[in-house]
Structures are given as structure tokens and as C-alpha cells.
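The values are calculated or read from the model by the stated rules, or taken from the named source; none is laboratory data. Just so you know, these numbers come straight off a predicted model, no measurement behind them. With ideal geometry, Cβ positions are generated from the backbone for all residues, glycine too; neighbour counts draw on all protein chains shown.
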Amino acid sequence: MRTAAVSAISAKLLMSPGAEVLAILGTGKQALSHYNVFTEIFSFKEVRVWSQTKERVERFVRSVEGPVRGCSSAEEAVRGADVIVTVTRSTEPVLYGQWVKAGAHVAAVGACRPDWRELDDMLMKSAVVYADSREGALSESGDVILSGAEVFAELGDVINGTKSAQREKTTVFKSLGMGVEDAVSAKLVFDQWTAKATKS
Ligand SMILES: NC(=O)C1=CN([C@@H]2O[C@H](COP(=O)(O)OP(=O)(O)OC[C@H]3O[C@@H](n4cnc5c(N)ncnc54)[C@H](OP(=O)(O)O)[C@@H]3O)[C@@H](O)[C@H]2O)C=CC1
Ligand SMILES: O=C([O-])C1=[NH+]CCC1
């Protein structure tokens, strides 16, 4: 859930204000938590889901509620989408720049190793790239390292107001996960539990 929550913050800061269509590539655990968080926080008119296994796409669509549609290709899912979440275990690109609408926001969650990819060079080089940790991205993200793309800012820079949120451009948020996210999530759970326990 904390990974999806961070992706939602990236979308809140970087997606275009009138975003209507969300595409999710992948149908595993992260896909489900991203679906739940994104449909809770935002009001997409349509959510498209694709994965490499047709049966898993069908199972995912049956398991959730809302305006969701299974797609038979990644291209079909992402063409025209305003926000794209990549949550696969792929080691090769599954998302290509030529399919991505200008001004779309991509939350790139998989490919957390230096030799793994989810996004192609064209997308990485044409987008404004944000990361949770610049240091992490430059040592762990194959999409950043192998494409040679520049990391424009950390998400924290945007939250602090020291770097701009370039919503009008195509943006990529490269998520790798940080210990502080676990610590904050644990504190939120603990505080809620304490508040409940002291009430009863
Ligand atoms: N950035 C972060 O903070 C975090 C990142 N992650 C990363 O997110 C990714 C997804 O994790 P999770 O949801 O737990 O994994 P799951 O194993 O639950 O799901 C993986 C998904 O990837 C798909 N997939 C696997 N191989 C390929 C491929 N070659 N091409 C296209 N799709 C593929 C699977 O499709 P199918 O089932 O059809 O085979 C499935 O939909 C992983 O890379 C994980 O390391 C996870 C946690 C935190
Ligand atoms: O932060 C995390 O838990 C992970 N990041 C990459 C894989 C798992």
C-alpha cells in the first residue's frame, strides 16, 4: 500500500488536471494496491488493465469494482491514457514512448534493478524524470542508468517547492522504494491503532 500511496502522490503532483484515463500494466499485488489507491483518491472515467497473461487480466477485472476494462495489449491499454502505472516484473521494456500521449504521467514501479527495464529509451529521454531518491535511481534503476536519462528532481523537491512540477510535459516518476516510506507507514498504522485502543 505504501508504494501505491507514493505513486499517487506523484500523480497528484504531476498528472494533468483533467486526467480521465488510467492505464495499469501488470495485474499482480502492486497492480491491485495501485488500482485501489488510485480509484479511491482520483475520479478516473476509465481504468484500463493489461498483463501478459489473458486469464490474469480477466481475473483482475472480476476482482475489482469500478470502470475497469481489460486490454489485450499494452499498447491498447496506454494509447491516449493520461496516467500510466507500470507494475510488472519485466526485465525488458513494456512501455514505449511512441504510444504515450504527450503530457501523460507515468509512475514506473517495477524494474528495480540496474539491468532491468520497463520503459524504453525514447520515453525516458523525452520525459521529465522524477525519482523518490536520485541516489537510488542512479544506482538501482535500469530505466535511468541504461537510458542515460537525467533525473530532473526528487519528489521531495517538488513537495518542498524547490523544483517545479512540470505537469504540462510528459513526466516519469521512477519509484524504487525507501525505508522512510516504511517508517512513516508504520507510524500511521501505530497512531491509528493507539487512537482506537485509547477510545475503547
Ligand atoms: N518501487 C517500489 O517501491 C516497489 C517495487 N516493486 C516492484 O514492482 C513489480 C511488481 O511487483 P508485484 O506486483 O509484487 O509482483 P507480482 O509478481 O505480484 O506481479 C508481477 C506482474 O508482472 C507481470 N510480468 C511478469 N513478467 C513480465 C514480463 N516479462 N512482461 C510483462 N509483464 C510481466 C506479471 O504478469 P503475469 O501474472 O501475467 O505473468 C504480473 O502481472 C516488481 O518488479 C517489484 O520488484 C515492488 C514493491 C515495491
Ligand atoms: O521498496 C521495496 O519494498 C522494494 N523496492 C523494489 C522491490 C521492493
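I need the full set of residues from segment 7-33 which are touching a Gly at 6+ places or on another chain (Cβ under 8 Å) and within 8 Å of ligand 1 (Cβ to nearest atom), in order please.
Step one: list which residues in segment 7-33 are touching a Gly at 6+ places or on another chain (Cβ under 8 Å), which gives 16, 21, 26, 30.
Hits for segment 7-33 are 26, 30.
Checked against (1) within 16 Å of ligand 1 (Cβ to nearest atom); (2) closer than 16 Å to residue 3 by Cα; (3) of a type in the set (A, V, I, L, M, F, W, C), residue 129 passes all but condition (2). Tell me whether segment 122-133 contains one or more residues that are surrounded by 11 or more Cβ atoms within 10 Å (Cβ to Cβ), more than 15 Å from ligand 2 (Cβ to nearest atom), more than 17 Å from residue 111 (Cβ to Cβ) and in contact (Cβ under 8 Å) with a residue 12 or more places away in the chain. Within segment 122-133, one or more residues are surrounded by 11 or more Cβ atoms within 10 Å (Cβ to Cβ), more than 15 Å from ligand 2 (Cβ to nearest atom), more than 17 Å from residue 111 (Cβ to Cβ) and in contact (Cβ under 8 Å) with a residue 12 or more places away in the chain. Only one of the numbered conditions (1) modelled with pLDDT under 95; (2) within 23 Å of residue 56 (Cβ to Cβ) is violated by residue 96, and that is (1).
Inside segment 81-190, counting only strands (runs of 3 or more DSSP E) that do not spill past its ends, which hold 2 or more residues that are on the phi < 0 side of the Ramachandran plot, out of contact with any helix residue (DSSP H, G or I) (no Cβ under 6 Å at 6 or more places or on another chain) and β-branched (Val, Ile, Thr)? Let's see the steps before the verdict.
Working: elements: 83-86, 105-108, 128-131, 151-154, 171-174.
Answer list for segment 81-190: 128-131.
Look at residue 83 and say whether it is more than 9 Å from ligand 1 (Cβ to nearest atom), closer than 19 Å to residue 32 by Cα and of a type in the set (A, V, I, L, M, F, W, C).
On the way: more than 9 Å from ligand 1 (Cβ to nearest atom): yes; closer than 19 Å to residue 32 by Cα: yes; of a type in the set (A, V, I, L, M, F, W, C): yes.
When the stated conditions are applied, residue 83 passes them.
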